[in-house]
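Asker: So that we are looking at the same thing, I have put the structure below in structure tokens.
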Number of protein chains: 6
Amino acid sequence: MREEAKFFEDFEIGETRTTDARTITETDIVVHAMHSGDWMPHHTDAEWCKTQPFKKPIIHGNATFSITTGLCLQGEPLNPHGMSYGYDKIRFPVPVFAGDTIKVNVTIIEKKDHPKKSTHGLITEEKVTTNQKGEVVLVAHHVLFVEKRNP
Amino acid sequence: MREEAKFFEDFEIGETRTTDARTITETDIVVHAMHSGDWMPHHTDAEWCKTQPFKKPIIHGNATFSITTGLCLQGEPLNPHGMSYGYDKIRFPVPVFAGDTIKVNVTIIEKKDHPKKSTHGLITEEKVTTNQKGEVVLVAHHVLFVEKRNP
Amino acid sequence: MREEAKFFEDFEIGETRTTDARTITETDIVVHAMHSGDWMPHHTDAEWCKTQPFKKPIIHGNATFSITTGLCLQGEPLNPHGMSYGYDKIRFPVPVFAGDTIKVNVTIIEKKDHPKKSTHGLITEEKVTTNQKGEVVLVAHHVLFVEKRNP
Amino acid sequence: MREEAKFFEDFEIGETRTTDARTITETDIVVHAMHSGDWMPHHTDAEWCKTQPFKKPIIHGNATFSITTGLCLQGEPLNPHGMSYGYDKIRFPVPVFAGDTIKVNVTIIEKKDHPKKSTHGLITEEKVTTNQKGEVVLVAHHVLFVEKRNP
Amino acid sequence: MREEAKFFEDFEIGETRTTDARTITETDIVVHAMHSGDWMPHHTDAEWCKTQPFKKPIIHGNATFSITTGLCLQGEPLNPHGMSYGYDKIRFPVPVFAGDTIKVNVTIIEKKDHPKKSTHGLITEEKVTTNQKGEVVLVAHHVLFVEKRNP
Amino acid sequence: MREEAKFFEDFEIGETRTTDARTITETDIVVHAMHSGDWMPHHTDAEWCKTQPFKKPIIHGNATFSITTGLCLQGEPLNPHGMSYGYDKIRFPVPVFAGDTIKVNVTIIEKKDHPKKSTHGLITEEKVTTNQKGEVVLVAHHVLFVEKRNP
């Protein structure tokens with residue numbers, strides 16, 4: 001695995017990058033339903049969907065979330081000084097349909113000391129996923145736990 | 001789809017339920033890597049894992065998260081008065097390995113008015129996923145947007 | 001696993017319930033072909049299908065059968081006093097196409113003593129799967145081997 | 001598709017053939033659970049299985065059934081004069097575990113006139129699936145609806 | 001596994017056979033992307049594809065290649081005297097889209113002694129895969145390492 | 001999609017890079033068998049494998065080949081001046097088992113003019129895939145069709 005050392009001090013607020021794009025397909029909806037066991041009618045009951053405002057199946061928010069994470073990691077090196085700490089917020093403002101093409105913009109939005117460990121800090125990167133119309137379909141605040149070079 | 005009407009007023013802090021259990025397999029790790037495109041070495045490079053404290057591949061946090069959601073929905077009726085609003089917090093305190101068996105405890109932990117829409121409130125349910133040893137492997141705060149019976 | 005004890009005596013002829021619905025997709029056809037190894041042209045050779053009365057690929061009867069079973073089990077508790085004994089009849093009267101939405105009606109149609117074991121009886125439940133037009137696409141007679149409370 | 005014409009008169013009681021073998025894997029269990037939505041603890045809750053006589057997860061009977069059908073069709077020509085009519089009996093006498101290798105013996109066991117259509121007859125082929133120890137794990141009576149050469 | 005002994009001497013230049021056909025679906029594109037990790041935009045970014053001469057996603061050449069191999073093996077017996085040596089040439093002259101139906105023509109085009117082992121020879125079979133319009137979509141020269149009956 | 005322009009003149013013989021590693025699992029063997037339809041006993045009949053020199057199932061050469069390609073593309077930019085022309089050679093010198101971890105070394109080994117189009121040249125990159133012991137498990141000569149900056 002290709003590594004690239006990046007300490008807490010090396011992250012800068014406002015750093016940003018954009019991922020490649022991926023088209024969501026009906027297969028993605030079915031694969032996520034199968035793997036998660038989430039067969040709610042919003043995703044896999046086309047007749048029920050016809051009675052709803054969005055008219056046709058939408059992909060699970062968690063599938064968009066997982067694919068967002070995958071897009072962010074394509075070709076990224078491993079940072080031996082950081083690890084995922086969790087998420088502080090996830091929102092799904094606009095539904096994603098089969099045929100939509102999504103990509104992700106990732107921006108560093110916050111840096112702060114870890115409340116208990118003086119050797120590490122917490123970095124928040126905001127992932128904003130958009131569809132081919134530029135609509136925001138997902139926002140996620142990913143928190144990284146990163147070692148300090150000079151604690 | 002079986003429906004069960006539940007208004008904002010019907011949720012009570014402390015309400016709790018436990019899901020069925022599911023054993024995580026190597027197949028689950030590979031299926032999630034394939035679907036998300038996340039092939040980080042923690043999950044799919046067994047040689048690299050041998051050099052790490054956890055020694056063998058761990059499943060992606062997002063896979064545990066998706067499976068947690070699926071377990072919570074098995075056999076649950078659709079509530080026509082509520083919808084998912086997002087997540088306010090996700091943490092992965094303990095890694096999950098192939099062979100671990102997980103289940104989820106869901107508890108209503110917060111109720112509050114929606115800041116802008118007086119017709120709806122926000123309900124937070126805490127999902128706590130544990131493995132066969134009783135260790136907490138995932139905590140997620142799921143926020144529901146629920147209609148009020150008497151706004 | 002949530003359990004619900006139900007002895008032979010507790011089953012009543014005529015008991016009935018209906019499952020949630022699921023839309024069959026092209027993905028389901030391909031996944032079943034892949035898993036079973038059944039690539040007969042009815043399912044996966046669209047050109048050959050054009051020469052047949054049904055004109056386009058149909059899903060494998062066994063796939064409809066497996067999905068029928070899955071729909072019947074969603075949210076059902078485990079009965080510690082019963083187990084599957086087998087099937088006495090399966091018919092596929094109408095083909096299922098990608099885009100069709102199916103659900104299952106399950107009815108207890110027969111109760112009888114087990115020919116050899118006086119401690120158990122045999123219960124037959126009829127699963128009738130219908131599409132969105134109300135056409136019957138599958139009928140299966142599932143036999144359960146159930147312990148008697150008072151043998 | 002390679003075709004081989006075979007009329008009702010061409011089938012003989014006692015005709016028999018044996019398929020290739022296939023090893024059932026943990027992946028097969030998970031793929032069937034995912035596709036069918038059948039996550040009963042017998043198949044996917046290893047902790048619960050430890051409390052049962054069979055001690056470890058067993059594959060779904062319907063998965064063995066689907067794979068049996070697939071094995072029977074590998075390399076078989078299409079018979080333009082016959083089609084599947086359904087099944088009259090399916091039994092699962094011995095459980096199948098990950099690691100077991102199964103194959104199928106197919107024998108013509110019955111020929112009879114169709115009760116209503118004088119142009120066709122019904123052929124029953126018995127599929128007997130065995131594991132690597134020679135134990136019978138599945139028996140299925142498959143009924144074919146076959147055109148008569150000389151009605 | 002059904003075996004059929006075929007020595008080097010038994011192969012004849014010009015021997016030819018045609019496989020069954022299989023329709024390529026969107027699912028096949030996604031499954032191959034997932035399994036290989038090849039998410040190049042030609043296959044899974046429908047928006048980018050609109051800017052290209054071929055206008056819509058095409059399946060990966062390697063997927064066509066793998067499916068070609070699978071079609072060639074359906075129902076083929078195992079030859080205990082031969083094994084795959086490798087490929088000497090693969091070309092993808094025409095793209096394959098979801099909805100195309102492909103089949104393969106296999107012809108023995110070359111026989112020669114193995115340069116070092118006098119007990120074996122090398123047989124080249126040419127696999128030519130065509131779509132429903134008769135266009136050649138793949139050519140592969142498969143080399144077999146085959147034992148001689150009379151070295 | 002991130003692009004990086006690279007003309008024929010920009011490739012240099014001897015240029016080399018190494019990909020990330022990926023552990024091959026039993027799931028990968030089954031997924032490839034399912035997708036390709038190649039259920040030869042070398043891959044999916046564990047009993048037959050016990051009678052062979054390699055003793056246990058090996059993954060399909062084509063699966064190693066597809067995964068090799070995927071590893072090579074992870075994080076690679078799109079070159080708008082080049083496209084895949086095909087393969088001139090593929091060999092599988094050592095079998096790959098579930099549990100092996102593979103990575104790929106890619107080296108430019110040949111540059112030549114295209115025989116007919118003076119505007120383009122042919123670049124051969126050699127992909128050498130090795131396992132965790134350093135054994136070469138696959139060699140593939142991939143030919144790229146690349147535009148010249150100054151034809």
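Asker: E:K112 fails exactly one of the following numbered conditions: (1) crowded, with 19+ Cβ neighbours inside 10 Å; (2) without any contact (Cβ under 8 Å) to a residue 60 or more places away in the chain. What is the number of that condition?
Answerer: Unmet condition: (1).
Asker: Among the numbered criteria (1) crowded, with 17+ Cβ neighbours inside 10 Å; (2) in contact (Cβ under 8 Å) with a residue 60 or more places away in the chain; (3) not in a strand (DSSP E or B), which single criterion is violated by B:P80?
Answerer: (1)
Asker: Moving on. If F:Q74 satisfies all but one of (1) more than 17 Å from E:A63 (Cβ to Cβ); (2) buried (at least 23 other Cβ atoms within 10 Å of the Cβ); (3) without any contact (Cβ under 8 Å) to a residue 60 or more places away in the chain, what's the number of the condition it fails?
Answerer: Among (1) more than 17 Å from E:A63 (Cβ to Cβ); (2) buried (at least 23 other Cβ atoms within 10 Å of the Cβ); (3) without any contact (Cβ under 8 Å) to a residue 60 or more places away in the chain, the lone unmet condition for F:Q74 is (2).
Asker: If we keep just the residues of region D:42-77 that are of a type in the set (V, I, T) and closer than 19 Å to C:R2 by Cα, which is farthest from the chain's Cα centre (by Cα)?
Answerer: D:T51
Asker: Is there a residue being within 27 Å of F:A98 (Cα to Cα), among the charged types (D, E, K, R) and either touching a Lys or Arg at 6+ places or on another chain (Cβ under 6 Å) or buried (at least 22 other Cβ atoms within 10 Å of the Cβ) (or both) anywhere in region B:56-71?
Answerer: Taking every residue of region B:56-71 in turn, none turns out to be within 27 Å of F:A98 (Cα to Cα), among the charged types (D, E, K, R) and either touching a Lys or Arg at 6+ places or on another chain (Cβ under 6 Å) or buried (at least 22 other Cβ atoms within 10 Å of the Cβ) (or both).
Asker: Quick check, is E:K127 more than 17 Å from the chain's Cα centre (by Cα) and among the basic types (K, R)?
Answerer: It is false that E:K127 is more than 17 Å from the chain's Cα centre (by Cα) and among the basic types (K, R).
Asker: Please verify whether E:G82 is away from chain D (no Cβ under 14 Å) and touching a helix residue (DSSP H, G or I) at 6+ places or on another chain (Cβ under 8 Å), treating the condition exactly as stated.
Answerer: No.
Asker: Further question: Quick check on this structure: which one of F:I90, F:I102 is buried (at least 18 other Cβ atoms within 10 Å of the Cβ), under 18 Å from the mean Cα position of the chain (by Cα) and within 11 Å of chain E (Cβ to nearest Cβ)?
Answerer: On inspection, the qualifying residue turns out to be F:I90.
Asker: Is there a residue in region C:3-15 that is at pLDDT below 95, farther than 22 Å from F:H35 by Cβ, touching an Asp or Glu at 6+ places or on another chain (Cβ under 7 Å) and surrounded by fewer than 17 Cβ atoms within 10 Å (Cβ to Cβ)?
Answerer: no
Asker: Continuing with this model, one more query. Of the residues in region A:99-151, how many are farther than 30 Å from E:A98 by Cβ and part of a loop (DSSP other than H, G, I, E, B)?
Answerer: Count: 10.
Asker: Checking the structure you have, find out if any residue of region D:85-93 is part of a strand (DSSP E or B) and in contact with a helix residue (DSSP H, G or I) (Cβ under 7 Å, 6 or more places away or on another chain).
Answerer: Within region D:85-93, one or more residues are part of a strand (DSSP E or B) and in contact with a helix residue (DSSP H, G or I) (Cβ under 7 Å, 6 or more places away or on another chain).
Asker: Which helices (runs of 4 or more DSSP H) does region C:1-69 wholly contain that include 3 or more residues that are out of contact with any strand residue (DSSP E or B) (no Cβ under 8 Å at 6 or more places or on another chain) and either in contact (Cβ under 8 Å) with a residue 24 or more places away in the chain or at the interface with another protein chain (Cβ under 9 Å from one of its Cβ atoms) (or both)?
Answerer: C:26-36
Asker: How many residues, within region F:115-131, are surrounded by fewer than 19 Cβ atoms within 10 Å (Cβ to Cβ) and under 21 Å from F:S66 (Cβ atoms)?
Answerer: 2
The values are calculated or read from the model by the stated rules, or taken from the named source; none is laboratory data. Just so we're clear, the structure is a prediction, and the values are computed from it rather than from any experiment. Positions of Cβ are generated from backbone atoms using ideal geometry, with glycine treated the same way; all protein chains shown enter the neighbour counts.
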